[in-house]
Amino acid sequence: MTDVDLDKLDPAEKLKHDSNYLRGDIERDLDDYVTGAISEGSSKLLKFHGSYMQDNRDLRAERHKQKLEPAYQFMIRLRMPGGVCTPRQWLALDDIARTYANGTLRITTRQTFQYHGVIKRDLKTTMQAINASLLDTIAACGDVNRNVNCAANPYLSSLHAEVHEWSKRISEHLLPRTNAYREIWLDGEKITEDESEPIYGDRYLPRKFKIAVAVPPTNDVDIFANDLGFIAIANEDGELEGFNVTVGGGMGMTHGEPATYPRLADVMAFCRPDQVLGVAEHVVTTQRDYGDRANRKHARLKYTIDDHGLDWFRGEVERRLGESLAEPREYEFESNSDRYGWVDGTDGRWHLTLFVENGRIRDSGERRLMSALREVAGLHGGEFRLTANQNVMIANVDAGQRERITATLRRNGVDPEADLTALRRSSMACVALPTCALAMAESERYLPELLGKIEAIMQANGLRDDAIVVRMTGCPNGCARPYLGEIGFVGKAPGKYNLYLGAGFRGDRLNKLYRENIGEETILAELEPLIAGYAREREDGERFGDWVIRAGHVNATTAGRNFHEP
Ligand code: SRM
Ligand code: SF4
């Protein structure tokens, strides 16, 4: 048990410590039908079980007027390392969405599904249904390691399969060991003694923790936005030799608080496959022991590394590991976007990546995406892979099945070769309103409309087929990694956004604040001459994010560096 004065730390520390390994009062609160809510303490602990209490913000004012409590509902996030699920699981998840949630499946920027709109009465049944499909929600949120991301794009199929196994192993290795999840949701036998958390301890981590595994040349997981990253290094025959280890990435910041900032991860070392679990564990335990537990805004690994220095951090990880790590190897990324359409892997199997606008899978008018994927799941023998760009890949398809899958999609109004602009295909928005309690502006519901207007500018300048990475979030927390957008919009107030420009197309350079607190009219007026200038002046193959720096629109001395550097 802990020997520090918990009262001097953030209140979350005492809550975790006193929770009896994440049990708290959750069971009691679930049984209380007087309210659709749970207590504040339970709602914090619930996150570790993969769920958030929310309320429908569209209904807030009206319900307040009618003296009703807010329309409480729950978001549930799954743990799906590398975003992979079987067609059978897909069918089960689709059923759950229609029965207990708002009828949609939401692909997140970390390759998993979220349900929105589950009411308290259905929460436990929904959790049980998810677990019955052999998936779970353990540690999908909370101060623990979250869903482990893994490259989805199959440039090298066999390497992908191997690397995906690693993402699963890392995820399992870092799972909390408490029995609380099984007791509360699955009616598991109550365990009262001898429980411990060998990796996390009884207060878990100071803050959330995120891991990704990338396979060059694709950086579709945005490796540098993660606390810990593994970049696969293969030999000439495509065999896995090990991983470059990256540490200290993160996006979140708070408007007007310069002590908070997005930060790109540093490439720290190289490790062999047999060192992966040890490295992961000791990066986590070093953060457990040295992360800031007094100030949650300064508690992510990126700040621990900036406070102590990268050399110190590497030394500490090596000391715990009991051996030194090798120096990083050469690698090269080409882009952080997805490749769309049918692609054949190295083993004769086919993969179809479909664009899912902002990750929301639903039926909408003629485009019945949810029904289409449900039908595909009924006939598909491979697997589904979600991408960290909020898209879905129908993966490992027999050559003979391709046409049938394409026809099924088309019949449901989903054209795999849909004529979408490259701009739209490179865009992503976080959930924001109406469910996110922290949203200051619209994001998922607004970006499609704004993009239409930017597309018109692109078209007028002959750039219809040019990709520019666009990211939007409803607040500065950075859930759609907006600071890695060549164009980034970050919500400030209803209808108002900060505009960021100049990130690298490979997800390896942060953008810079360009204009503050602007509405749609000003956004378009600012972008129009920039896009025209880019069309006119760009060099062969030059990306928009690179051009805005070369053309002097973004400060060349600071662009491309971490925000915290002078
Ligand atoms: Fe996030 C909080 C949604 C990826 C940084 N994020 C939230 C909450 C739970 C709001 C809250 O705390 O009440 C949002 C729920 C909205 C809703 O209604 O569903 C939320 N985050 C999301 C998702 C669903 C966005 C999406 O559109 O896909 C993503 C779920 C990922 C997953 O499956 O695990 C999501 N969040 C991210 C990412 C991107 C990433 O991890 O690659 C980031 C930036 C990277 C990072 O962590 O630094 C991110 N979310 C945050 C933060 C700021 C953390 C920080 O260090 O400051 C918060 C707020 C917080 O933790 O206090 C937050
Ligand atoms: Fe909510 Fe902000 Fe994350 Fe968007 S970026 S989902 S508004 S916390």
Rounded to the nearest 500, the 222 nm mean residue ellipticity computed for the chain from DSSP H runs (n ≥ 4, each -39500 (n - 2.57)) alone is -9000 deg cm²/dmol
Scoring the chain by relative contact order with C-alpha pairs under 8 Å, at least six apart, yields a percentage of 12
Fewest to most Cβ atoms within 10 Å: Thr35, Thr246 sort as Thr35, Thr246
Sparse-neighbourhood loop hits (trypsin sites (Lys or Arg not before Pro), the stretch 114-170; DSSP loop; Cβ within 10 Å at most 12 others) -> none
Expressed as a whole-number percentage, the relative contact order of the stretch 419-484 with C-alpha contacts under 8 angstrom and at least six residues apart is 44
In nanometres, the difference between 0.36 nm per residue of separation and the alpha-carbon distance of Lys453 and Glu239 is 72.5 nm
In Å, the Kirkwood hydrodynamic radius from C-alpha pairs for the stretch 112-231 sits at 16.2
dims of the stretch 428-566, Cα set, principal axes, largest to smallest, nearest Å -> 43, 38, 23
If each K or R counts +1 and each D or E counts -1, the residues other than Lys8 whose Cβ falls under 11 Å of its Cβ total -2
Residue separation between Ile191 and Ile119 times 0.36 nm, minus their alpha-carbon distance, gives in nm 23.1 nm
Taking only the alpha-carbon positions of the stretch 203-360 as identical scatterers, the Debye log10 I(q)/I(0) at q = 0.15 Å⁻¹ comes out as -0.86
Proxy exposure order for Tyr497, Tyr100 (fewest C-beta within 10 Å first) is Tyr100, Tyr497
In cubic angstrom per residue, the convex hull of the chain built on its Cα atoms measures 158
In debye to the nearest 20, the charge dipole size for the chain, taken about the Cα centre with +1 at each Lys and Arg Cβ and -1 at each Asp and Glu Cβ, equals 1560
Kirkwood-based Rg/Rh on the Cα set of the stretch 42-93 evaluates to 1.18
For the stretch 154-183 the chymotrypsin sites (Phe, Trp or Tyr not before Pro) that pass both the DSSP coil test and the at-most-15 other-Cβ-within-10 Å test are none
Place a point 7 Å from the Cα of Leu524 in the direction of its beta carbon; the residues of the stretch 538-552 whose amide N falls under 15 Å from it are none
Pseudo-spin-label distance Arg63 to Val4, built 7 Å along Cα→Cβ, given in nm, is 3.6
For Arg319 and Leu134, extending 7 Å from Cα along the Cα-Cβ vector and measuring point to point gives, in nm, a value of 4.4
Projected onto their principal axes, the Cα atoms of the stretch 272-427 stretch, largest extent first, over whole-Å spans of 58, 38, 28
Rounded to the nearest 0.05, FRET efficiency between His308 and Ala259 (Cβ-Cβ, R0 22 Å) equals 0.85
Across the alpha-carbon set of the stretch 16-103, Rg over Rh with Rh taken as the Kirkwood radius works out to 1.04
Inter-part gap, Cα centre of the stretch 464-525 to Cα centre of the stretch 20-79, in whole angstrom, is 31
Mean projected area, convex hull of alpha-carbon positions in the stretch 78-143, reported to one decimal in nm², is 4.4
The chain: antiparallel bridges as % of DSSP beta bridges, rounded to 5, reads 80
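Read-outs throughout are calculated quantities, based only on the coordinates presented, and are distinct from any laboratory measurement. Computed from a prediction, not measured in an experiment: that's the story for all the values here. Virtual Cβ from ideal backbone geometry, glycine too; neighbours counted across all protein chains shown.
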